[in-house]
Amino acid sequence: MSQPTATRTVVVASPQGLHLRQASLLVEAAGPFQSKIEIVKDGERFDAKSILALMSLGANQGTQLRLEATGDDAQQAVDALAASIETECAAEETDNTDQTDRQSVCREE
């Protein structure tokens with residue numbers, strides 16, 4: 001019997017790309033889940049529970065990332081990682097833009 005899987009594509013919208021703070025928040029968000037969680041960029045797979053793997057991702061602004069999870073809590077894991085990316089981008093947006101010029105910084109594809 002195969003394990004449940006879930007996927008979601010997100011776009012790195014932060015002008016700084018996926019930096020250390022965001023990567024550490026993603027690892028923290030991925031940690032509690034039993035599922036195998038990977039981030040796929042240009043066909044390469046990176047372990048979402050490894051800070052070293054995420055720092056080697058090299059995801060700049062505009063990079064599409066596919067979040068993939070396999071396991072009993074796969075959908076919850078993908079949702080949590082996507083929310084972590086969106087929350088961090090929203091925080092950067094608040095810090096770095098004027099209220100009247102604000103546009104959505106994080107988005108799903």
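The values are calculated or read from the model by the stated rules, or taken from the named source; none is laboratory data. Since this is a predicted model, take the numbers as computed values, not measurements. With ideal geometry, Cβ positions are generated from the backbone for all residues, glycine too; neighbour counts draw on all protein chains shown.
Considering region 1-54, the residues that are outside any helix (DSSP H, G or I) and among the basic types (Lys, Arg) include one that is farthest from Gly71 (Cα to Cα), namely Lys41. All of Lys49, Lys41 fail the test of being touching a helix residue (DSSP H, G or I) at 6+ places or on another chain (Cβ under 9 Å) and modelled with pLDDT of 95 or more, apart from Lys49. The set of residues in region 61-77 that are outside any strand (DSSP E or B) and in contact (Cβ under 8 Å) with a residue 60 or more places away in the chain comprises Gly71, Asp72, Ala74, Gln75, Ala77. Applying the criterion of being without any contact (Cβ under 8 Å) to a residue 40 or more places away in the chain and basic (Lys, Arg) to the residues of region 15-60, the residue that is surrounded by the fewest Cβ atoms within 10 Å (Cβ to Cβ) is Arg45.
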